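The values are calculated or read from the model by the stated rules, or taken from the named source; none is laboratory data. These numbers come from a predicted model, not from an experiment. Quick reminder, even Gly has a Cβ in these numbers, built from the backbone with ideal geometry, and neighbours come from all protein chains shown.
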Amino acid sequence: MTKAINKYSNIDGVNIDDLREKMVAINRVTKVVKGGRILGFAALTVVGDGDGGVGMGKGKAREVPVAVQKAMDEAKRSLIKVKLKNGTIYHPIVGRHGAARVYMQPAPDGTGIIAGGPMRAIFEVMGMHNILAKCIGSTNPYNVVRATLQGLYSMNTPTMIALKRGKTIDEILGHD
């Protein structure tokens, strides 16, 4: 997807300890062996810096707190930066992963975050304030989180579009 940020470094002056953390899902899993069943837990978490930085992590362990800590550590290592426009996105986006599709649309000030569970967690930790989002197809939290991150990462800013097309930003935005 993108180059992950080192766990021990700062992202644009943001301390890795000041990140917002949110748990998305915890699953109880069972492994059947000759002597019986072995219980375990799988955790899915997201972290963000409140300014467009966001990462997801998965952790598995026999105890819930250990699984959550592993997931948080992985999420901190996999941070990516997404450009925001006044607390929302630049244009409508569709993210896909597996059978999960996520539709995201920019919203005016005062709208708030209108999105379901896993998507809402991502938007809150990354500092987004106004967005409309809809999950289409599979609602598996793992796939919804991945589809959301894929959509956000594929978003183009007007500057990026202007560079691709060899035009000025004013021509892209329609300003005369």
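Below, the figures for the structure above:
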| item | result |
| --- | --- |
| Selection status of residue 59, touching a helix residue (DSSP H, G or I) at 6+ places or on another chain (Cβ under 6 Å) and assigned by TED's automatic domain parsing to the domain that holds residue 28 | yes |
| Long-range neighbours under 9 Å by Cβ, at least six apart or interchain, first residue touching a residue at least 60 places away in the same chain (Cβ under 8 Å) within region 94-120, second assigned to a strand (DSSP E or B) | 117/24; 117/25; 117/135; 118/24; 118/25; 118/44; 118/46; 118/135 |
| Candidate set: region 23-43, residues that are of a type in the set (D, E, K, R) and part of a strand (DSSP E or B); chosen: the one farthest from residue 127 (Cα to Cα) | 37 |
| Which numbered condition residue 167 misses (of (1) without any contact (Cβ under 8 Å) to a residue 40 or more places away in the chain; (2) within 22 Å of residue 21 (Cβ to Cβ); (3) among the basic types (Lys, Arg)) | (2) |
| Qualifying residue in region 26-36 (condition: crowded, with 21+ Cβ neighbours inside 10 Å and not basic (Lys, Arg)) | no |
| Region 127-151 residues that are within 20 Å of residue 71 (Cα to Cα), paired with ones that are in a loop (DSSP other than H, G, I, E, B) (beta carbon under 6 Å, 6 or more apart) | 143/98 |
| Any hit, region 96-116, residues being under 17 Å from the mean Cα position of the chain (by Cα) and either assigned by TED's automatic domain parsing to the domain that holds residue 54 or within 26 Å of residue 17 (Cα to Cα) (or both) | yes |
| Scope region 142-159; condition surrounded by fewer than 20 Cβ atoms within 10 Å (Cβ to Cβ), farther than 16 Å from residue 79 by Cβ and under 15 Å from the mean Cα position of the chain (by Cα); matching residues | 142, 154, 155 |
| Unmet criterion (only one of (1) closer than 30 Å to residue 172 by Cβ; (2) surrounded by fewer than 20 Cβ atoms within 10 Å (Cβ to Cβ); (3) touching a residue at least 40 places away in the same chain (Cβ under 8 Å)) for residue 58 | (1) |
| Any hit, region 60-78, residues being closer than 19 Å to residue 154 by Cβ and among the β-branched types (Val, Ile, Thr) | no |
| Selection count, region 107-141, where residues are over 16 Å from residue 88 (Cβ atoms), of a type in the set (Gly, Ala, Ser) and buried (at least 20 other Cβ atoms within 10 Å of the Cβ) | 1 |
